[in-house]
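For reference, the structure discussed in these notes is given below.
The values are calculated or read from the model by the stated rules, or taken from the named source; none is laboratory data. All of these numbers come straight from a predicted model, not from anything done at the bench. Counting neighbours? That spans all protein chains shown, and the Cβs are built from the backbone with ideal geometry, glycine included.
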Amino acid sequence: MATKIGMMDSAYFVGRSEILSWINSTLHLNLSKVEEACSGAVHCQLMDAAHPGMVPMHKVNFDAKSEYEMIQNFKVLQDVFNKLKITKHIEVSKLVKGRPLDNLEFMQWMKRYCDSVNGGVSQSYNALERRETSKGGKEASKKGTTSHSSAKGSTAASRPQVSQNARKNEASANSGNQAAHVSQPPSHGITAYDEQITTLKLSIDSLEKERDFYFAKLRDIEILCQSPEIENLPVVGAIRKILYAVDDDASVVAEAQVMLSAHQKETISHSSPISEVLSDEKLSLDTQKRKNIINLDVDVAGITTLSPRQRVTDASDVHCSGSPLMTY
């Protein structure tokens, strides 16, 4: 489904000209820029074209100028998404500002979605009739109709003018050519400049989005380093040194690595108190064992030095005491 397409999908590589041609032919409008649809009214009617009768067109405002009025249109669009269980997130705060790149991306998604529903927008959809119930819909329809009629009229009027020019050229070729050159406006140069300006705007928007993304990541790292549980760790200190470095110098990373290496060496050289206690206990146990062995050797030596009379006396003492070790 179009609701789950990724940023590398072919839908996001559709050009502005194709998007504008699709909008104008589907809704009988005359948009010259994609960002002119930032009010959200066009998006609502495109969803109405894909799902006839699903959008309450009487709530849509084609004459929305302020951000508040535009947000109301996007609320209508969000309600339609909820009814259809579409999970696409609408970045209203970016769209209402009229940024070209954001509006282009969302309109590319809209085209992909509308094309995927029942094979595209129905040919029987009457965009003008559906738009009449909307606020400012009649004015938008008039602009679209006037532009189409003027385009047809200019095409039809150009034919007799061409024939008339041909007759004039037959009469005076040199004067006719000079007049034609003078009367032609430099439209090609203006169009080229407009395309360059639009390309630069899209490039700036893309760079701003990338900048905001990486800045948010750095801010998350900074907040994590300020946590009381880890803020005193050496690795956090090294990260802060890199994070707050003013100059773009590679020596900052080297200094951070030196900080970590110095801490590792210090940790190895100083053993923990637990290991010291364990070593003291082991030493005391070894000392006690040695004392026991020495005492045993002394007792054995004392017994061997007794005379036979002393041994018999000791034995009789044991016998008289009723020791179970003596048998009769």
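Structural remarks
Conditions tested, residue by residue: (1) modelled with pLDDT of 85 or more; (2) assigned to a helix (DSSP H, G or I); (3) not assigned by TED's automatic domain parsing to the domain that holds Leu46.
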residue: Lys94; (1), (2), (3): yes, yes, no
residue: Lys97; (1), (2), (3): yes, no, no
residue: Leu104; (1), (2), (3): yes, yes, no
residue: Arg130; (1), (2), (3): yes, yes, no
residue: Glu139; (1), (2), (3): no, yes, no
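- Complete set of residues in segment 64-110 that are over 21 Å from Ser134 (Cβ atoms) and over 22 Å from the mean Cα position of the chain (by Cα): Lys85
Here's the yes/no breakdown for (1) in contact with an Asp or Glu (Cβ under 8 Å, 6 or more places away or on another chain); (2) at pLDDT 85 or above; (3) surrounded by fewer than 10 Cβ atoms within 10 Å (Cβ to Cβ):
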position: Asn169; (1), (2), (3): no, no, no
position: His181; (1), (2), (3): no, no, yes
position: Pro186; (1), (2), (3): no, no, yes
position: Gly189; (1), (2), (3): no, no, yes
position: Glu195; (1), (2), (3): no, no, no
position: Cys225; (1), (2), (3): yes, yes, no
position: Pro228; (1), (2), (3): no, yes, yes
position: Pro234; (1), (2), (3): no, yes, no
position: Gly237; (1), (2), (3): no, yes, no
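- Condition check for Leu20 on (1) under 23 Å from Asn82 (Cα atoms); (2) without any contact (Cβ under 8 Å) to a residue 60 or more places away in the chain; (3) surrounded by 19 or more Cβ atoms within 10 Å (Cβ to Cβ): one failure, at (1).
- Phe62 vs. criteria crowded, with 18+ Cβ neighbours inside 10 Å and more than 18 Å from Lys138 (Cα to Cα): no
- Lone unmet requirement of (1) at pLDDT below 65; (2) exposed (fewer than 10 other Cβ atoms within 10 Å of the Cβ); (3) not hydroxyl-bearing (Ser, Thr, Tyr) for Val246: (1)
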